[in-house]
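Step one of this worksheet: look at the structure below.
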Amino acid sequence: MSNSEALALKIRQHTLDMTHLGGSSHIGSIFSIADVVAVLYRDIMQFESSNPDWDARDRFILSKGHAGAAVYAALAESGFFDVSKLRTHYQNGSVLSGHVSHKGVPGVELSTGSLGHGLPVACGMAYAAKLDQKTHRVFSILSDGECDEGSNWEAILFASHHKLDNLTVVIDHNKLQSIDTTDETLNLNPFPDKWISFGWQVKEVDGHDHVQLREALSVRQETGNKPLCIIAHTTKGKGVSFMENSVLWHYRSAQGEEYLAAKQELEKS
Amino acid sequence: MRDAFVEKLTELAENDPSIMFITADLGFGVFTEYAKRFPKQYLNVGVAEQNMTGVATGLALEGRTIFTYSIANFATLRCLEQIRNDAAYHNANITIVSSGGGFTYGSLGMSHHATEDIAIMRALPNIAVVAPGTAWETRYATEQLTQRPGVGYLRIEKGGNKEPHWAECQFELGKAITVKNGNDITLISTGGILTESILAAEKLSAQGISARVISMHTVKPIDRAAIIKAAKETKAIVTVEEHNILGGLGSAVAEVLTLEDVPKIKFGQIGLKDQYSSVVGDQGYLRSFYQLDHTSIVNKVLSLIGKTIPAESLRETII
């Protein structure tokens, strides 16, 4: 098991416990991005956990803030704060809110939760880096359902217009959104073509294959000047068989036998 | 006012390379010179206010001092959640500049009438809300908002009073300016409609009523001391704003009068009476139509303090 695969498993184990303890939802969305987050934090992004504001760090914004538990787990496992703090997630008085928060949480650049907010801010950060001729990169994870929000498309235009090749977006494309499939809710297809026609470079990968993710994420532009969109084909609830591809686990929190069964499955993986 | 803003912006940008001006494709011809002189401190994001506010937040979090700019409702209401969640919650150093407060763009129709913006911006924590009464106030407000950390809302008008300021005074955010002293009643106004308050005070003076005129350029944080002083020293307070009577200056002053230990006095509001303005006309016409002009202010004062309204004023109102 590679370092990033070990982290992905840790993220799944922590977040199963966190959502179990807090009775919180979105475990399906969290498992969906666990591998992308793990590869980013282990193999791609430059950061110093002892100095979260290090100027040369790569910036990361989780735009689909409801999967924040995955980021909290990755940050704790990367040394930004103690792993024991994760158990306070979603509890009364905790700083670890259900949607990702920057207040009192070292390593989080931006609090999100309302969809369609992360990419414009990421664009501002990438634009600032260009103006200042800095070489760090800016990453943002969006969900596919989130692409219903018009504000993203304003930012998608902006990023290509300003040639923000220091900006990488990963789309968590699990084809399910809050109530139904993305196809049935508001058809995004042809999805890669939309990004291409908006002036982005697009790569499609298996969002749970660490080798593919590493390769796609580590490549700085080869087509020159274009922002990069990685469409990561994912499975909502990935890692626990009965959670996979089910809208139910957008909301449900694993309790009782379901919790034990999920825990066992992860241990065996 | 807008010219005063551009002059001050230019001066600030010259002295501080971190100053950056972002427009959502408005201000044709107004910022041409600025953009030419400071290409790295100017950005037109296109007609996209949500992205403008998000991009502004990203730039501010990376150390820049940002102005965002559009016509009032577009710079505020269109991107309200970006202002709340991104800019204000992260205490980003951004001044949101609304060109066209109130009925500045009267003839363009209700989409361009900014009549709820003060109330809505005032309801958001961490935001200073400023509507200068004059070009002089605009210059100082522009500068001081950049020095204050966090988000500011600067509501300016295209024209407005261009004369030097009347009173010998210093400008300080959060400190009201007493434009004219008076002992009988107090008119507190925000924004360019200050000129109507001054005219009203002159008319009242002709009837033997001494009116104090206060320019409450900063609606939030509001100058509580100036309100308490007026309540103690005069018999009535009338607030004047080119804005809905709900949630704006009038409400802010009423909150102070209710919550602080002040003598019970008469209180009245001049403002749009909780309605959308669908009538077409220039700023002066609409002020008169919606009874925000100096004649309406005089009538409000007279009815509050129990004096008869002169027949001449009534005729003006009917017209």
*Give, as a single signed number, the net charge of other residues whose beta carbon lies under 12 Å from the beta carbon of residue A:49, with Lys and Arg counted +1 and Asp and Glu -1.*
-3
*On average, how many beta carbons from a partner chain sit within 10 Å of the beta carbon of a residue in B:59-65?*
6
*asked:* Tell me which of A:122, A:112, A:89 sits at the most positive position along the dipole axis of the stretch A:83-144, charges placed on C-beta atoms (Lys, Arg +1; Asp, Glu -1).
replied: A:89
*B:20, B:216 arranged by Cβ crowding within 10 Å, fewest neighbours leading*: B:20, B:216
*Order of A:20, A:14 from fewest to most other C-beta atoms within 10 Å?*
A:20, A:14
*Extension reserve of the residue A:135-residue A:189 stretch, reckoned as 0.36 nm per residue once the Cα distance is removed*: 16.1 nm
*Run through all the Cα pairs of the stretch B:177-305 and give the fraction in each 5 Å bin from 0, expressed as whole percent.*
2, 12, 24, 25, 21, 11, 4, 1, 0
_Once R0 is set to 51 Å, what does the formula 1/(1 + (r/R0)^6) return for the Cβ-Cβ distance between residue A:54 and residue A:197, expressed as a FRET efficiency to the nearest 0.05?_
0.90
*Past 23 Å, Cα to Cα, is the threshold; run B:175/B:232; A:103/B:220; B:203/B:235; B:180/B:235; A:194/B:40; B:158/B:180 against it and keep the listed order.*
A:103/B:220; A:194/B:40; B:158/B:180
*Nearest-5 percent of antiparallel DSSP beta bridges in the protein assembly as shown?*
10
*asked:* Quick check: the distance between the Cα centres of the stretch B:99-134 and the stretch B:65-91, to the nearest angstrom?
replied: 13
*Work out from phi, with θ = phi - 60° and the Karplus expression 6.51 cos²θ - 1.76 cosθ + 1.60, the ³J(HN,Hα) of each residue of the stretch A:143-150, listed in order in whole Hz, and give x for Gly and Pro.*
8, 5, x, 4, 5, 5, 6, x
*Under a cut-off of 12 Å between alpha-carbon atoms, report the aspartates and glutamates in cross-link reach of residue A:10, not counting same-chain residues fewer than 8 places apart.*
A:35, A:77, A:267
*Find the centroid of the Cα atoms in the stretch A:121-173 and in the stretch A:60-84, then give the distance between the two in whole Å.*
20
*Placing +1 at every Lys and Arg Cβ and -1 at every Asp and Glu Cβ, with all other atoms neutral, what dipole size does the stretch B:78-195 have around its Cα centre, in debye to the nearest 20?*
120
*Within 10 Å of each Cβ in A:141-152, the average number of Cβ atoms from other chains*: 1
*Using helices alone, what [θ] at 222 nm do you get for chain B, with -39,500 (n - 2.57) per DSSP H run of 4 or more residues, divided over all residues and rounded to the nearest 500?*
-10500 deg cm²/dmol
_Using only Cα atoms and rounding to the nearest 10 degrees, what angle (0 to 90) does helix A:3-22 make with the longest principal axis of chain A?_
60
*asked:* What FRET efficiency comes out for residue B:233 versus residue A:161 if R0 is 60 angstrom and r is the Cβ-Cβ distance? Round to the nearest 0.05.
replied: 0.55
*asked:* I'd like to know how chain B sits against the 2.2 N^0.38 Å rule of thumb: what's its Cα Rg over that expected value?
replied: 0.98
*Have a look at the DSSP beta bridges in chain A and tell me what percent are antiparallel, nearest 5.*
5
*asked:* Show me, for the stretch A:79-84, the HN-Hα J-couplings you get by feeding each phi into the Karplus relation (A = 6.51, B = -1.76, C = 1.60, θ = phi - 60°), rounded to Hz, glycine and proline as x.
replied: x, 6, 7, 6, 4, 4
*Taking the Cα centre of the protein assembly as shown as the origin, how large is its charge dipole in debye, to the nearest 20, when only Lys and Arg (+1) and Asp and Glu (-1) carry charge on their Cβ atoms?*
1200
*Amide H neighbours of residue A:143 under 5 Å, at least 5 residues apart or on other chains, H built in the peptide plane: list them.*
A:64, A:172
_Dipole of the stretch B:177-305, positive direction: furthest Cα of B:290, B:195, B:178, with charges on the beta-carbon_ = B:178
*Under 5 Å between amide H atoms, partner at least 5 residues away or on a different chain: which partners does residue B:67 have, H built in plane at 1.01 Å?*
B:20, B:21, B:22, B:95
*Computed from the mean reciprocal separation of all distinct C-alpha pairs, what Kirkwood hydrodynamic radius does the stretch A:171-269 have, in Å?*
15.6
*Sort out for me the Cα centre separation of the stretch B:36-60 from the stretch B:221-245, rounded to whole Å.*
37
*Space enclosed by the convex hull of the alpha-carbon atoms of the stretch B:1-156, per residue, Å³*: 96
*Calculate I(q)/I(0) for the protein assembly as shown by the Debye formula, one identical point scatterer on each C-alpha and no solvent, and give its log10 at q = 0.06, 0.09, 0.12 Å⁻¹ to two decimals.*
-0.38, -0.75, -1.07
*asked:* Based on C-alpha coordinates, I'd like the Rg and Dmax of the stretch A:3-268, in Å.
replied: 17.3, 54
*Amide proton proximity set for residue B:240, modelled H, under 5 Å, gap of 5+*: B:188, B:189, B:190, B:270
_Given R₀ = 56 Å, what would the calculated FRET efficiency be for residue B:14 paired with residue A:264, taking r from the Cβ atoms and rounding to 0.05?_
0.25
_Considering only chain B, percent of DSSP beta bridges that pair antiparallel, nearest 5_ = 15
*Does a label point 7 Å from the Cα of residue B:274, set along Cα-to-beta-carbon, have any residues of the stretch B:245-268 with amide nitrogen under 12 Å, and which are they?*
B:245-247
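Any read-out appearing in this document is the output of simple, stated calculations on the displayed coordinates, not a laboratory observation. Because the structure is predicted, anything quoted here is derived from the model rather than measured. All Cβ positions, glycine included, derive from the backbone under ideal geometry; neighbour counts span all protein chains shown.
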